[in-house]
Amino acid sequence: MFGECHAHALMNGVNYREAVALHREKANEEAVRQCLRAYQEAEVSFVRDGGDPYGVASLAARLAPEYGIDYRTPIFAIHKNGHYGEIVGHGFDNLKEFHGLVLKAGEEGADFIKIMTTGLLDFENHGKVTGTPLEAGEVKEMVHIAHEEGFAVMSHTNGVYGTRAAIEAGVDSLEHGNYMDEDTMSMLADSDTVWVPTLVTVRNLLGCGRYDDEVLRPIIARSEELVHMAFEKRIKTAAGSDAGAYMVPHGKGICQEYESFCQILGNIPRVTEWLKNGEKEIRERFRRK
C-alpha cells in the first residue's frame, strides 16, 4: 500500500468546525486514535501530516508507533499574517518572526517545516486562487531559513505565480499546485521538488452538492492534464490525499488518490513505480537532519 503523503489528523473529512471544537482546548486522544486506526486498517504505515495549531498532529506522531505507523509532522504550518493559513498553524509579520516559528517548531519536535504561500482554489472564479500570493523574494528567504535550520520544506501553493516562486525558492515538496501552466511544469521537471497534487480534494466533491458539478469539472479536467504532463516529463510526484479535508476520509483517502492516478494514466506498473519513487523521496527528505 502507498503511504499518505498529505493528511491532517485535526480534520475528520466531515465537518471542520466540529473537528476543531473537539480539539480546541486539548487534543482529543480518542479522536486521534480513531484516525490512526483508520490508517492501520487500510494498511498505511507512513503518514505525513500538514500540521495544526492545536497539538493534534504532535499527539498523532507520539501515538503512531503503537499502530505501526511512521508519522511525520511539521507540528504546525507557518503563514504570513493576513494571508491564508490560520486554520493549520501560526502566523508571522516579518522574517525574524518566521525564523522564530521555525525554531519553535523544531523545539516541539517538527520533522520538517510547512509554509503557506498562497490561498485556495476560488470555486467562484475558475483559474483563480483566493487571496494574494507571497512575494517570490520572501518565499525564497523563508525556504533558505528553514533549510539552514536543517529542515525540508513542504509548501501549500497554487497558481502560476505562487508555484513558480516556490519552485525557484527550492521547496522540497509542492502541495496542490492547481492551475500550473506548461512552462511551470517544465520548471518543476528541472527541479528537485516533489509534487503532491491532492487530486481527490476536488474529485470527491462531485455529486455531493456542496458545489455545482459544472464548476468542479473544469478544475478536475485541468488537474488531469497536469498529471499527464507530470508523467510525461517524469516530474517527481507522490500520492497524498489531503485526508481530513471535506469528503476525504483518513485511510481510504490515499486509496482513492491512487485510484485517481490510475483512472487518469491507466493502471500500469510504470505509474505505480513513478508514485513509489516520489514517496521514497518524501520519506527520505522529510525527517529532521
*In the stretch 176-200, what residues are within 18 Å of the chain's Cα centre (by Cα), surrounded by fewer than 24 Cβ atoms within 10 Å (Cβ to Cβ) and either without any contact (Cβ under 8 Å) to a residue 40 or more places away in the chain or over 16 Å from GLU225 (Cα atoms) (or both)?*
ASP192
*Within the stretch 149-173, which residues are surrounded by fewer than 24 Cβ atoms within 10 Å (Cβ to Cβ) and closer than 15 Å to VAL102 by Cα?*
GLU149, GLY150
*For the stretch 235-254, name all the residues that are within 19 Å of GLU175 (Cβ to Cβ) and either at pLDDT below 95 or part of a helix (DSSP H, G or I) (or both).*
GLY253, ILE254
*Filter the stretch 92-138 down to the residues that are farther than 23 Å from GLY150 by Cα, touching a residue at least 40 places away in the same chain (Cβ under 8 Å) and aliphatic (A, V, I, L, M), then identify the one that is surrounded by the fewest Cβ atoms within 10 Å (Cβ to Cβ).*
LEU121
*Mind listing whichever residues of the stretch 258-274 are part of a helix (DSSP H, G or I), over 16 Å from SER45 (Cα atoms) and of a type outside the set (Lys, Arg)?*
GLU259, SER260, PHE261, CYS262, GLN263, ILE264, LEU265, PRO269, VAL271, THR272, GLU273, TRP274
_Residue, farthest from ILE75 (Cα to Cα), within the stretch 8-43, restricted to residues that are among the aliphatic types (A, V, I, L, M) and touching a Gly at 6+ places or on another chain (Cβ under 6 Å)_ = ALA42
_Check on VAL32, in a helix (DSSP H, G or I), aliphatic (A, V, I, L, M), closer than 23 Å to ILE167 by Cα and at pLDDT 95 or above_ = no
*Only one of ASN28, ASN12 that is farther than 16 Å from GLY109 by Cα, touching a residue at least 40 places away in the same chain (Cβ under 8 Å) and polar (S, T, N, Q)*: ASN12
*Which condition number does GLU18 fail, the rest of (1) out of contact with any helix residue (DSSP H, G or I) (no Cβ under 9 Å at 6 or more places or on another chain); (2) more than 26 Å from LYS280 (Cα to Cα); (3) in a loop (DSSP other than H, G, I, E, B) being met?*
(3)
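The values are calculated or read from the model by the stated rules, or taken from the named source; none is laboratory data. Model, not experiment: these values are computed from the prediction. With ideal geometry, Cβ positions are generated from the backbone for all residues, glycine too; neighbour counts draw on all protein chains shown.
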